[in-house]
1. Within region 314-323, can one find any residue that is open to solvent by 20 Å² or more (accessible area, probe 1.4 Å), on the phi < 0 side of the Ramachandran plot, in contact (Cβ under 8 Å) with a residue 12 or more places away in the chain and more than 24 Å from the chain's Cα centre (by Cα)?
2. Name the one entry in LEU23, LEU3, LEU84 that is surrounded by fewer than 19 Cβ atoms within 10 Å (Cβ to Cβ) and not in a loop (DSSP other than H, G, I, E, B).
3. Find all pairs meeting these conditions: Cβ atoms under 8 angstrom apart; at least six residues apart or on different chains; first residue within region 158-178 and more than 27 Å from ALA78 (Cβ to Cβ) and without any contact (Cβ under 8 Å) to a residue 40 or more places away in the chain; second residue open to solvent by 60 Å² or more (accessible area, probe 1.4 Å) and assigned to a loop (DSSP other than H, G, I, E, B).
4. Going by the conditions given, is ASP311 closer than 30 Å to PRO225 by Cβ, crowded, with 19+ Cβ neighbours inside 10 Å, in contact (Cβ under 8 Å) with a residue 60 or more places away in the chain and of a type in the set (Asp, Glu)?
5. Scan LEU291, LEU274 and give me the residue that is under 27 Å from the mean Cα position of the chain (by Cα), open to solvent by less than 40 Å² (accessible area, probe 1.4 Å), modelled with pLDDT of 85 or more and under 25 Å from ALA393 (Cβ atoms).
6. Those residues that are over 21 Å from the mean Cα position of the chain (by Cα) and open to solvent by less than 70 Å² (accessible area, probe 1.4 Å), I need them from region 96-121; list them, please.
7. Tell me whether region 279-286 contains one or more residues that are under 14 Å from VAL249 (Cα atoms), in contact (Cβ under 8 Å) with a residue 24 or more places away in the chain, outside any loop (DSSP other than H, G, I, E, B) and under 30 Å from the mean Cα position of the chain (by Cα).
8. If SER305 meets every condition in (1) under 30 Å from GLU456 (Cα atoms); (2) open to solvent by less than 10 Å² (accessible area, probe 1.4 Å); (3) in contact with a Phe, Trp or Tyr (Cβ under 9 Å, 6 or more places away or on another chain); (4) small (Gly, Ala, Ser) apart from one, which number is that one?
Amino acid sequence: RDLMNSIRDQSMNYFHNNPTGSLMAHATNDIPAAREFLGPAVMYSANTITTFIFAFYFMISLNPIITLVSLIPLPFIAYITYLLGKKIHIAFRNVQEKYAELTTQAQESFSGLRVVRAFTRENYESNLFERFSNQYLKMNLKLARYDSFMMPILAFLVGLSQILVLLYGGNLVIKGEATLGDLTQFFIYLELLIWPVAAIGWVTNLIQRGAASAGRLGKLMDIKPEITEGKIKIQNGQIDNYDIEFKNVTFTYHSQSTANIKNFSIRIPEGSSLGIVGSVGSGKSTLINLLTRLYDIEVGEINISNRNIKDYPFKPFRRIFGVVPQEPFLFSDTIYNNIKFGKPDSSLDEVIEISKKVKLYDEVLTFDNKYNTILGERGITLSGGQKQRVAIARAIIMDPKILILDDSLSAVDTQTEEYILNSLQEYYRNRTTIIVSHRLSVMKNLDNIIYLENGEIVEQGNHKELISLGGKYSKMYEMQQIAAELDNY
């Protein structure tokens, strides 16, 4: 639970540095190792200590000298346990790290199966997996070797203790300085100590494994979330107004040296519409990620209702947005459940009504199970355009105050795009709408449009104003018009 909560609260940068496969390895290997420490290791440690104390007390009360003789191997047991325990700790840590690499490689290969097959790289991926597997095997064998030494050595030293008692104690019995009953009791107590002493090795093994895993989990869980939740109270999840304002915002991704957004300022009044266009890498999607607090800014402010977005609690804040990302993620679930994901109490009638708005209804009816059709992983059953329309329907059904479409019509044809935009025109007339797109035909009816370049606004105005300006936007529009005419020809 703690690991899950730790991962859940992290920003997007966290997932850039910790691949999915690595996180899965922590959950599947490190958690059980830590659990073994908290269960059997603690229990058997207590059992070992208790049994040893009682057996030692009775032994020393019988004959202190024989007791001391029987304990001669004890320092060797302690030393060997320490020595092998150290090696087991390092070996197990290496095994876990290699397992994380193996899991990451497998996860990426399966996730990118289409690309792997398209480039006929199956053999390469198989060989890579085999190489990681062999390395993982060798590390496991090294760990097994250390494990295999522990129990035999401890058994030998316990046996040595019995031989010493037999030699010294037997000699005392022969001399009449001890009774046969005393010697017999010593062997009974030594027999009682065999499991506790043997358990030292097993428990040491568990402790070292648990320590290695706890260290790995600790590093992961000690990472403080970059984005912290605001503390102000919002009554009934409602904010006074939904005016958005960027004030001198500058932002740089951790992995880059130059700023992606530079001294960016704009005001988006409630109920208005804003279009964001620009070349690839100009910062369009970054602005959306900053507005929805997937990343946090260090320079400048982003305000909604004249209050910094950092002051708002996550849940009510993010509920005001309906976001359709560039690459929509669909769950391996029914179409119906994917659409109502943002509003779980939605009825089938509501889902159907929204589907008609995004021109999805007729296509869903062609599936055998209609809205109960199970989608493959990441919605692989659907085409790119269908996935985008399911994502748009999922955002709209939430009835958000701020609708954000981040290049979410790129995979649909122009006729479908026009139909969707016309059907949504009434819908987003009374709410703030932000549309990011490469297709300028989407921008025609928007109140304001900005053209980004290297994270800065180079042109701003509505569609007609930007066309008459004859700048970058105008040239981009002309190129798209020519391309459309050539396609029609």
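1. There is no residue in region 314-323 that is open to solvent by 20 Å² or more (accessible area, probe 1.4 Å), on the phi < 0 side of the Ramachandran plot, in contact (Cβ under 8 Å) with a residue 12 or more places away in the chain and more than 24 Å from the chain's Cα centre (by Cα).
2. Of LEU23, LEU3, LEU84, the one residue that is surrounded by fewer than 19 Cβ atoms within 10 Å (Cβ to Cβ) and not in a loop (DSSP other than H, G, I, E, B) is LEU3.
3. From residues that are more than 27 Å from ALA78 (Cβ to Cβ) and without any contact (Cβ under 8 Å) to a residue 40 or more places away in the chain, the pairs are VAL173/THR179.
4. So ASP311 does not fit the description; no.
5. LEU291
6. Correct list: VAL116 only.
7. Yes - at least one qualifying residue is present in region 279-286.
8. Among (1) under 30 Å from GLU456 (Cα atoms); (2) open to solvent by less than 10 Å² (accessible area, probe 1.4 Å); (3) in contact with a Phe, Trp or Tyr (Cβ under 9 Å, 6 or more places away or on another chain); (4) small (Gly, Ala, Ser), the lone unmet condition for SER305 is (2).
The values are calculated or read from the model by the stated rules, or taken from the named source; none is laboratory data. Being a predicted model, the structure only gives us computed values, none of them experimental. With ideal geometry, Cβ positions are generated from the backbone for all residues, glycine too; neighbour counts draw on all protein chains shown. Ligands, DNA and RNA are stripped out before the accessible areas are found, and what is left, the full protein with its side chains, is counted by its heavy atoms. Shrake-Rupley method; radii C 1.70, N 1.55, O 1.52, S 1.80 Å.
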